[in-house]
Amino acid sequence: MAGITFPDKYGGVEADYLSYAIAVEELSRVDASVGVTVSPHSSLFANPLLSYDELVFDNVRVPAENLLGEEGQEFKIAILTLDYGRIGITSQALGIA
């Protein structure tokens with residue numbers, strides 16, 4: 001479920017964000033704790049990483065060529081990550097209501 005929007009090559013089902021929102025809404029309708037678990041995994045962690053394709057750590061030091069985005073763009077990346085989260089939170093609220 002966490003990879004519903006992921007491409008098939010990563011084990012996902014390649015669904016769009018509307019399908020993701022409906023799935024989280026329905027999960028939350030049955031059990032809010034499931035929606036609360038699935039949404040952050042997808043919205044706040046998995047989807048932002050997927051947009052950068054690959055994250056590589058080497059002895060906990062990240063070489064400049066492996067940075068997520070350009071130096072000085074941390075705030076922009078954080079805000080975009082929160083945008084993904086808003087979809088999940090809204091879907092949870094609809095399902096719980």
Q.
Quick check on segment 51-58. Is at least one of its residues within 13 Å of the chain's Cα centre (by Cα) and modelled with pLDDT of 75 or more?
A. no
Q. Any idea which of (1) assigned to a helix (DSSP H, G or I); (2) at pLDDT 75 or above; (3) within 13 Å of the chain's Cα centre (by Cα) is the one residue 39 doesn't satisfy?
A. (2)
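The values are calculated or read from the model by the stated rules, or taken from the named source; none is laboratory data. What you see is a predicted model; the values in this text were computed from it and never measured.
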